[in-house]
Amino acid sequence: METSRLLPADLNVLDLSHNGIGDEGCAALCPNHLPERILKLNHNQIGNAGAKALAMAIREQATPKLQELGLATNQIGEEGATALTEVLDHAASLRLLDLKYNGLCGGDSQT
């Protein structure tokens, strides 16, 4: 099922936190539709593959409008975090990238 048909084109906020979507769910969501302003994917068992898919989706947007991206308490490592931070120049509207409690910096520290 294509998720772009399920979500309105003018969606401003999408909160899928605590749904266990993982890398596969994140990858399925990303190319089809990102909300206009806020995307919350906290507590979803998203790892490096999901973070990379999300970074690619942001990069491929002609005019990214995303302002907040919540990815706290997932399983994103340095590889996924690097992919996300590399798109920050393209996503000038992004004001908040929440990656705390992802085991970055060599442990469970808040980043």
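The values are calculated or read from the model by the stated rules, or taken from the named source; none is laboratory data. Every value quoted in this text rests on a predicted model; they were computed, and no experiment measured them. Counting neighbours? That spans all protein chains shown, and the Cβs are built from the backbone with ideal geometry, glycine included.
A few remarks follow.
- Single residue of Ala51, Ala27, Ala57 found to be of a type in the set (Gly, Ala, Ser), within 16 Å of Leu104 (Cβ to Cβ) and buried (at least 16 other Cβ atoms within 10 Å of the Cβ): Ala51
- Within the stretch 38-63, considering residues that are outside any strand (DSSP E or B) and among the basic types (Lys, Arg), the one nearest to His18 (Cα to Cα): Lys52
- Members of the stretch 64-80 found to be over 19 Å from Gly20 (Cα atoms) and within 12 Å of the chain's Cα centre (by Cα), listed by number: Leu66, Gln67, Glu68
- Output for the stretch 13-24, where each listed residue is more than 16 Å from Ala81 (Cα to Cα) and surrounded by 18 or more Cβ atoms within 10 Å (Cβ to Cβ): Ile21
- Every pair of residues 6+ apart whose Cβ atoms lie under 6 Å, when the first sits in the stretch 73-91 and is at pLDDT below 95 while the second is surrounded by fewer than 19 Cβ atoms within 10 Å (Cβ to Cβ): Val87/Arg59; His90/Arg59; Ala91/Pro64
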